[in-house]
1. Would you check which residues across region A:194-235 are of a type in the set (Val, Ile, Thr) and surrounded by fewer than 17 Cβ atoms within 10 Å (Cβ to Cβ) and list them?
2. Just to be sure before I move on: is B:Leu144 surrounded by 13 or more Cβ atoms within 10 Å (Cβ to Cβ) and assigned to a loop (DSSP other than H, G, I, E, B) in the structure I sent?
3. Only one of these conditions is not met by B:Ser102: (1) assigned to a helix (DSSP H, G or I); (2) farther than 30 Å from A:Gln28 by Cα; (3) away from every other protein chain (no Cβ under 11 Å). Which number is it?
4. Here are some residues: B:Leu76, B:Leu68, B:Leu10. Which one is within 13 Å of chain A (Cβ to nearest Cβ), in a helix (DSSP H, G or I), modelled with pLDDT under 80 and closer than 24 Å to A:Val11 by Cβ?
5. Please go through region B:83-96 and pick out each residue that is within 9 Å of another protein chain (Cβ to nearest Cβ) and either under 17 Å from A:Trp41 (Cα atoms) or in contact with a Pro (Cβ under 9 Å, 6 or more places away or on another chain) (or both).
6. Sort out which residues of region A:124-140 are exposed (fewer than 15 other Cβ atoms within 10 Å of the Cβ) and either in contact with a Pro (Cβ under 6 Å, 6 or more places away or on another chain) or in a loop (DSSP other than H, G, I, E, B) (or both), and write them in order of number.
7. Among residues belonging to region A:152-169 that are over 18 Å from A:Gly196 (Cβ atoms) and part of a strand (DSSP E or B), point out the one that is nearest to the chain's Cα centre (by Cα).
Amino acid sequence: MEALLARYRNVTILTVVILAQVLLLGYQVRGDKDVRLVRLWAVAAITPVARVLHGAHDLAAGFWNNYIGLRGAREESAELRRERDRLKLENQAMRQALGSAERLAAFTAYQQAIMSTTLLAEVIGAGANPNSRVVFVDQGSGAGVRAGMAVITPEGIAGKVQAVFPGASLVLLISDMYSAVGVILENSRSHGVLKGTGLNEARIDYVPNDEKVAVGEKVYTAGTDRVFPKGLLVGTVHATEAGRDFQQITVYPGVRLNRLEEVLIVTDGRHQDLPGDLPRPQAPEALLPRPPAGGGRDVLSVVPAEQGSGAAESYTPQTDADRLKRRYQELGDAQKHRFGEGAPGSKPPDFNQGWSPPARRSAPGAGESPRPAPKP
Amino acid sequence: MTMQASVPQLLEADLSRLRPRVAVAVVIVALLLQAYIPSVLSYAHLIDLPLLITIYLALLRRNPVVGLTVGAAIGLAQDSLSNGLVGLYGTTKTAVGYFCSSLTTVVDVNSLPLRVVLVWCFYMVHHVCFWAVERGLLARPAVLVWPRTLLLALANAAVALVIYKLLDRFREST
């Protein structure tokens with residue numbers, strides 16, 4: 001037996017060891033249990049060394065990242081700073097382009113919304129006089145701009161063209177002290193004159209004290225100055241104060257006059273309604289029937305020649321001109337002449353042929369003289 | 001050596017070419033690296049360092065008992081540090097350790113290239129055993145992808161070439 005064991009010793013040990021581990025596996029699988037003790041020993045033996053290893057790794061990684069890895073960090077930082085500055089400029093340019101595109105879209109929509117024909121222009125400069133409020137735009141006489149044309153924006157009117165040059169125009173803003181615009185208040189419908197103050201605000205003159213003007217009320221162009229079409233927004237009332245004869249009304253323009261970039265020059269102005277305007281009178285749809293023919297004392301029941309004999313309606317001359325017209329038509333028909341035909345200089349019909357004064361309804365009384373015969 | 005000899009005695013006797021404390025240190029470092037490196041290098045888990053060390057230590061001496069003992073110890077330790085069943089790697093590495101040591105009785109394994117070829121072979125044996133235990137004993141849906149296993153065996157053999165060259169520096173002639 002001992003010899004047998006010695007002969008198969010290795011295989012026996014292998015079998016025992018493997019069988020023991022298979023039993024261990026079976027124990028875990030069947031009982032759904034864990035051999036915690038074995039794991040505990042292994043973890044307890046390994047963890048301290050792992051902690052040291054982890055610390056060494058952190059140390060090495062920190063040394064690498066904080067010292068060796070930072071080689072060239074200064075150059076990289078400078079490069080990144082340059083990149084950041086370049087991106088900032090690029091971002092700013094793109095924002096400006098986006099803002100410009102949005103403004104142009106608003107201008108285009110406004111151009112289509114209003115009745116007047118306008119020309120888009122870009123503000124290219126301001127006047128040299130600090131006391132005046134003028135700007136230069138990039139459209140001039142070559143584009144059809146003429147002095148006196150209104151300059152507007154979707155936010156409100158801006159000014160009027162004061163001088164025109166071949167490639168540019170000088171625009172007098174409504175905030176200039178020499179600017180005057182006929183305006184109308186939205187609610188009270190009071191007319192006044194908007195005058196510039198030299199600042200970014202304006203005032204309205206000639207509004208009587210008894211007119212009720214509210215702060216925040218909108219101001220529109222009245223069209224009375226024959227520069228700005230009626231119905232364009234000017235601004236809103238900022239403050240009102242009773243004056244000696246007229247109110248002192250301060251208006252904030254709707255457009256920011258110190259930040260104008262694009263404007264519309266009104267090349268063909270058309271007046272339009274103010275908000276709240278009553279609709280235009282319509283043609284009457286319900287009409288009474290015509291009065292009966294022949295019932296009157298001064299009625300000539302004659303069918304007009306152009307209507308033909310089959311026309312149902314009678315023609316009733318009402319005035320001397322009507323009667324004269326009818327007479328001429330009868331003369332033309334008798335002489336087979338059609339008015340409106342024939343070359344210039346051709347012979348006209350004889351308007352005196354067979355003419356006799358129309359029969360009078362009653363004999364002329366005292367003090368009445370017979371009507372003289374008309375002379376063609 | 002008799003059956004009554006203890007495992008430390010076996011280790012002392014059969015790993016005489018590598019000092020026992022060096023052998024133990026190598027095993028611990030291998031287990032540590034196996035548990036630690038994959039957290040730093042994602043593909044490191046494809047290298048089975050405990051298996052490479054098992055093969056190396058088993059090939060050192062011509063004693064299958066020592067080989068299976070080393071394999072069982074390393075395998076169980078590897079199981080303990082994983083979240084799997086304890087005994088999976090132990091079983092397979094026990095078999096690998098045994099057959100490695102048995103092979104040394106018929107083949108001279110001092111040649112480094114031959115040991116690398118043996119690593120490739122035993123890596124395949126290890127994976128086939130592992131697959132068989134999972135599939136046969138535990139009835140798990142394990143899949144053995146041959147092309148992948150062959151490539152991994154090659155990669156492990158290449159790593160073994162470096163590791164064995166390094167470990168040979170610690171060997172002492174008896």
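The values are calculated or read from the model by the stated rules, or taken from the named source; none is laboratory data. It should be emphasised that the depicted structure is a prediction, and the values quoted were computed from it without experimental measurement. Every residue, glycine as well, gets a Cβ built from its backbone with ideal geometry; the counts of neighbours run over all protein chains shown.
1. Scanning region A:194-235 gives A:Thr197, A:Val215, A:Thr224.
2. Criteria met by B:Leu144.
3. Going through (1) assigned to a helix (DSSP H, G or I); (2) farther than 30 Å from A:Gln28 by Cα; (3) away from every other protein chain (no Cβ under 11 Å) one by one, B:Ser102 breaks only (3).
4. Answer to the check: B:Leu10.
5. Within region B:83-96, B:Leu85, B:Val86, B:Gly87, B:Gly90 qualify.
6. Answer for region A:124-140, where residues must be exposed (fewer than 15 other Cβ atoms within 10 Å of the Cβ) and either in contact with a Pro (Cβ under 6 Å, 6 or more places away or on another chain) or in a loop (DSSP other than H, G, I, E, B) (or both): A:Ala128, A:Asn129, A:Pro130, A:Asn131.
7. A:Ser169
Here's the yes/no breakdown for (1) assigned to a helix (DSSP H, G or I); (2) at the interface with chain B (Cβ under 10 Å from one of its Cβ atoms); (3) in contact (Cβ under 8 Å) with a residue 60 or more places away in the chain; (4) surrounded by 14 or more Cβ atoms within 10 Å (Cβ to Cβ):
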{"position": "A:Ile13", "(1), (2), (3), (4)": "yes, yes, no, yes"}
{"position": "A:Val17", "(1), (2), (3), (4)": "yes, yes, no, yes"}
{"position": "A:Ala20", "(1), (2), (3), (4)": "yes, yes, no, yes"}
{"position": "A:Arg30", "(1), (2), (3), (4)": "yes, no, no, no"}
{"position": "A:Leu37", "(1), (2), (3), (4)": "yes, yes, no, no"}
{"position": "A:Ala42", "(1), (2), (3), (4)": "yes, yes, no, yes"}
{"position": "A:Ala45", "(1), (2), (3), (4)": "yes, yes, no, yes"}
{"position": "A:Arg51", "(1), (2), (3), (4)": "yes, no, no, no"}
{"position": "A:Gly55", "(1), (2), (3), (4)": "yes, no, no, no"}
